[in-house]
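Notes follow the structure.
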Amino acid sequence: MIDIIIPTYNRHESIERIINDLSNQSDQDFTVNIIDQSETAFVNKINTKFIVNIYWQPNIRSPILARNYGLKKTNSDIILFLDDD
């Protein structure tokens, strides 16, 4: 199993595009963990075959700290970090 960690700040359209792109992958044995630092929470309305966890953390103001937060939420052996653009 692979966990994907994506920190984001006010880029909800980009996150939707990334999730749509990941939905087109032939192997979907992964979990996407979005660490949303925005003022308003991102709501995933996209139907996927993989798990999307959204952690709304508006007090985290650094992508590095958001990645570290995401690491605490996973127990996978393989971790992939993506940017929100």
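The values are calculated or read from the model by the stated rules, or taken from the named source; none is laboratory data. As the structure is a prediction and not an experimental result, all values here were calculated from the model. Glycine gets a Cβ as well: all are built from the backbone with ideal geometry, and neighbour counts include every protein chain shown. Protein only, heavy atoms only, side chains kept; ligands, DNA and RNA dropped before computing areas. Shrake-Rupley method; radii C 1.70, N 1.55, O 1.52, S 1.80 Å.
Only residues that are out of contact with any Ser or Thr (no Cβ under 9 Å at 6 or more places or on another chain) and within 21 Å of THR74 (Cα to Cα) were counted across the range 26-59, and they come to 9. Any residue at all in the range 55-76 that is β-branched (Val, Ile, Thr) and assigned to a helix (DSSP H, G or I)? Scanning the range 55-76, I find at least one residue that is β-branched (Val, Ile, Thr) and assigned to a helix (DSSP H, G or I), so the answer is yes.
Residues are listed down the side, and each one gets a yes or a no for (1) open to solvent by less than 20 Å² (accessible area, probe 1.4 Å); (2) small (Gly, Ala, Ser); (3) not in a strand (DSSP E or B):
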position	(1), (2), (3)
ILE15	yes, no, yes
ASP21	no, no, yes
THR31	yes, no, no
THR40	no, no, yes
VAL43	no, no, yes
ILE46	no, no, yes
ASN53	no, no, no
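Residues that are open to solvent by 90 Å² or more (accessible area, probe 1.4 Å), under 14 Å from SER38 (Cβ atoms) and under 14 Å from the mean Cα position of the chain (by Cα) within the range 55-85 comprise just one, TRP56. Residue pairs whose Cβ atoms lie under 7 Å apart, sitting 6 or more positions apart in sequence or on different chains, and linking a residue in the range 36-64 that is closer than 21 Å to MET1 by Cα to a partner that is modelled with pLDDT under 85, are VAL52/ASN44; ILE54/PHE42; ILE54/ASN44.
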